[in-house]
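One structure below.
The values are calculated or read from the model by the stated rules, or taken from the named source; none is laboratory data. Note that this is a predicted model, so its numbers are computed, not measured. Methodologically, a virtual Cβ is constructed for each residue, glycine included, from the backbone with ideal geometry; neighbour enumeration extends over all protein chains shown.
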Amino acid sequence: RAKAAGGNRYELADADSDARVIARHSLTNRLPAALDNGEFFIEYQPLVRLTDGTVRGAEALVRWLHPVHGVLGPDQFIPLAESTGLIVPLGRWVLQEAARQARAWRTDGTCEAPLRVNVNLSPSQLRHPALVADTVAVLDSSGLDPSALCLEVTENALIGADEEELRPLRQLADLGVDIALDDFGTGYSNLSYLRRLPVSTLKLDRSFTRGMQCAPADPVDVKIVEGIVSLAHTLDLSVTVEGVETGTQAEHLRVLGCDTAQGWYYARPGPPERLHTLSLVDAAS
Ligand code: C2E
Ligand code: MG
Ligand code: MG
Ligand code: MG
């Protein structure tokens, strides 16, 4: 049984821990068949430029349409896929599908701005020796320009990585793929470490946007965001903010100089056709 809480947050109804262990076990066992059966699908959430409100692209967020439990969110199965290694073929499928979709957005001629797509990479995908070759193969087969792809890696996945471990990401960045540091501000990375990473975007974690909910905004959060934006811009990085739920937040973050925003205020994650409509509305206004 699955229940949808708050629209697109999916939770198993059984909170009891025995049931959870069983559920986890059976979900894990079913993962490979689910991939073969085509039970995964992707929702896209728009990324909006704060200065003019136009849609610049979308983040691909994977879901599992489980035959018994209904729609499961990534928090319920990505950790399982990660621990069993299935994340590598699953992640490859997400990349392939998202690249195909982005290419379609860019070639159907109706979107004014060329849309880009963001795809999340898990730590084991990052460490996988075929990451660069797989990504290049997907770009080739989809015909997607490397600059239309952004790979999101979490700050925590990169903390402590040495030059050798960063090489695949650097190779991808050299090919023109954007790398974004996801959930930025939740890890404990040394800020000077940022200079050594081949990243072009910081995605500020949702926890920072919370303080922007009221007017006036929380003064401490304002200072923190101000500091991060100025540091990012000094290092020539762009700043994306996650979890923007209200117009007040969007306005505070725009004034603070954040570049791009994502959140329910603009749109919840949804089917690829919806993004298309959104960008048409923006292009028309
Ligand atoms: P993330 O990359 O930080 O993605 C943003 C999450 O915030 C998404 O949750 C999105 O639905 C949610 N969100 C967006 N706007 C708002 C808002 O205004 N308010 C609130 N409260 N939440 C908002 P989702 O889809 O459940 O994904 C959770 C995490 O799962 C993602 O966090 C990402 O780390 C991971 N994930 C999703 N798809 C993939 C994938 O294909 N591969 C891998 N490795 N991880 C994925
Ligand atoms: Mg992400
Ligand atoms: Mg994020
Ligand atoms: Mg997050």
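Summary table
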read-out: Residue that is nearest to ligand 4 (Cβ to nearest atom), among those in segment 35-90 that are among the β-branched types (Val, Ile, Thr) and more than 23 Å from His128 (Cβ to Cβ); value: Val48
read-out: Val62 at pLDDT below 95 and touching a Pro at 6+ places or on another chain (Cβ under 7 Å); value: no
read-out: Segment 43-97, residues that are of a type in the set (Gly, Ala, Ser) and more than 13 Å from the chain's Cα centre (by Cα); value: Gly53, Gly70, Gly73, Ala81, Ser83, Gly85
read-out: All helices (runs of 4 or more DSSP H) inside segment 139-217 with 2 or more residues being within 13 Å of ligand 2 (Cβ to nearest atom); value: 155-158
read-out: Yes/no for Glu226 being in contact (Cβ under 8 Å) with a residue 12 or more places away in the chain and either away from ligand 4 (no atom under 16 Å from the Cβ) or within 30 Å of Val136 (Cα to Cα) (or both); value: yes
read-out: Any hit, segment 163-171, residues being in contact with a helix residue (DSSP H, G or I) (Cβ under 6 Å, 6 or more places away or on another chain), farther than 30 Å from Leu256 by Cα and at pLDDT 95 or above; value: yes
read-out: Odd one out for Gly185 among (1) at pLDDT below 90; (2) out of contact with any Phe, Trp or Tyr (no Cβ under 8 Å at 6 or more places or on another chain); value: (2)
read-out: Flag for Thr248 being of a type in the set (Ser, Thr, Tyr), within 16 Å of ligand 2 (Cβ to nearest atom), surrounded by 15 or more Cβ atoms within 10 Å (Cβ to Cβ) and not in a loop (DSSP other than H, G, I, E, B); value: no
read-out: Some residue of segment 20-33 being under 15 Å from the mean Cα position of the chain (by Cα), surrounded by fewer than 20 Cβ atoms within 10 Å (Cβ to Cβ) and modelled with pLDDT of 95 or more; value: no
read-out: One residue from Leu256, Leu275 being crowded, with 17+ Cβ neighbours inside 10 Å, away from ligand 1 (no atom under 16 Å from the Cβ) and touching a residue at least 24 places away in the same chain (Cβ under 8 Å); value: Leu256
read-out: Residue in segment 40-58 that is in a strand (DSSP E or B) and basic (Lys, Arg) present; value: yes
read-out: Filter result for the condition that a residue is of a type outside the set (Gly, Ala, Ser), within 16 Å of ligand 1 (Cβ to nearest atom), surrounded by 14 or more Cβ atoms within 10 Å (Cβ to Cβ) and more than 24 Å from Thr51 (Cα to Cα), over Thr186, Thr201; value: Thr186
read-out: Residue match in segment 98-118 (condition: aliphatic (A, V, I, L, M), part of a helix (DSSP H, G or I), within 13 Å of the chain's Cα centre (by Cα) and surrounded by 16 or more Cβ atoms within 10 Å (Cβ to Cβ)); value: yes
read-out: Selection count where residues are touching a helix residue (DSSP H, G or I) at 6+ places or on another chain (Cβ under 6 Å) and of a type in the set (Gly, Ala, Ser), scope segment 111-156; value: 5
read-out: Candidate set from segment 150-182 (those that are in contact (Cβ under 8 Å) with a residue 40 or more places away in the chain and among the acidic types (Asp, Glu)); member that is nearest to Arg56 (Cα to Cα); value: Asp178
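This table checks each residue for (1) farther than 16 Å from Leu235 by Cβ; (2) of a type outside the set (Asp, Glu); (3) away from ligand 4 (no atom under 16 Å from the Cβ).
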| residue | (1), (2), (3) |
| --- | --- |
| Ser147 | yes, yes, yes |
| Cys150 | yes, yes, no |
| Gly160 | yes, yes, yes |
| Glu164 | yes, no, yes |
| Asp183 | yes, no, no |
| Gly187 | yes, yes, no |
